[in-house]
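K.L.:
First the structure, then my questions, so here it is.
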Amino acid sequence: MQSHEVDYEILGDDIQIIEIELDPQETIIAEAGAMNYMEDGITFEAHMGDGSRADTGMMGKLLSVGKRVLTGESIFMTHFTNNGQGKKRVAFAAPYPGKIIPIDLASVGGEILCQKDAFLCAALGTEVGIALTKRLGTGFFGGEGFILQRLRGDGHAFVHAGGTVIEKELKGEVLRVDTGCLVAFSPGIDYDIQRAGGLKSMFFGGEGMFLATLRGTGRVLLQSMPFSRLADRIIAHAPKAGGSRKGEGSILGTIGDLLDGDG
């Protein structure tokens, strides 16, 4: 396996953009709709699959498409290639507030597992597949179901997480995590779901009924604000969804809504 060697620069703080610098004939693969801007000379094309195996036949491509459907991603991936003269840049934007995390797959054993919507882009040659969790409880209560994304290769891959990103290095230790806060972990980590204490704590503790238990030796990436938690808070405070308006504290705010059509 030989991935393209791409250079990159991450721009911004809370809603980041990653600029990828491509040499002539280098290619980066990305989720459909992730591109923000690109320089003249870069061309893009939608493909069924990640292009990591050029000799894959139609059945192999259909299998790859089926895996992407299981993870809830678009059927197609977009391949951006520098067909111009000299170095060219293409940029990809994060889908919601958080951080873009560069991962050198060669330095983590050639493989990492991540939540199914974390992948943003990667050097051509990276295999974007799925991994099925081994335990029934993990599938039902793990937040991500039975399915995680597996990124495999020897180049750079880039994933996105919400809020602040925390990296933990486990050395035969155990770490318990809110199921939605887990972003990615290396294959040396064993992943399971366990009850969050007794029945009283499970129902009234406010931390959810189940926690992810990570044990072993390897790298773990966590996020402070999962998108599902952010969306729940927005919906809960949206007046049209039954929530209540907070923070304006004045009748002028309500009048303003009537004038601009929000009321």
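The values are calculated or read from the model by the stated rules, or taken from the named source; none is laboratory data. Predicted model, so just to flag it, every value in this text is computed and none were measured. Cβ placement follows ideal geometry from the backbone for every residue including glycine, while neighbour counts extend to all protein chains displayed.
K.L.:
Output the residues belonging to the range 1-15 that are under 24 Å from Glu111 (Cα atoms) and out of contact with any Phe, Trp or Tyr (no Cβ under 9 Å at 6 or more places or on another chain).
P.N.:
Matches in the range 1-15: Met1, Gln2, Ser3, His4, Glu5, Val6, Asp7, Glu9.
K.L.:
Just checking, which of Thr43, Thr56 is at pLDDT 95 or above, hydroxyl-bearing (Ser, Thr, Tyr) and either within 19 Å of the chain's Cα centre (by Cα) or under 20 Å from Ser3 (Cβ atoms) (or both)?
P.N.:
Among Thr43, Thr56, only Thr43 is at pLDDT 95 or above, hydroxyl-bearing (Ser, Thr, Tyr) and either within 19 Å of the chain's Cα centre (by Cα) or under 20 Å from Ser3 (Cβ atoms) (or both).
K.L.:
For the condition modelled with pLDDT of 95 or more, loosely packed, with under 13 Cβ neighbours inside 10 Å and farther than 11 Å from Phe80 by Cα, what is the one hit in Glu9, Glu19?
P.N.:
None of the others qualify; the one that does is Glu9.
K.L.:
Quick check on the range 59-66. Is at least one of its residues within 20 Å of the chain's Cα centre (by Cα) and either modelled with pLDDT of 95 or more or surrounded by fewer than 13 Cβ atoms within 10 Å (Cβ to Cβ) (or both)?
P.N.:
Yes, the range 59-66 contains a residue that is within 20 Å of the chain's Cα centre (by Cα) and either modelled with pLDDT of 95 or more or surrounded by fewer than 13 Cβ atoms within 10 Å (Cβ to Cβ) (or both).
K.L.:
Please determine, by comparing only the residues of the range 75-96 that are surrounded by 14 or more Cβ atoms within 10 Å (Cβ to Cβ) and in contact with a Lys or Arg (Cβ under 9 Å, 6 or more places away or on another chain), which one is modelled with the lowest pLDDT.
P.N.:
Phe76
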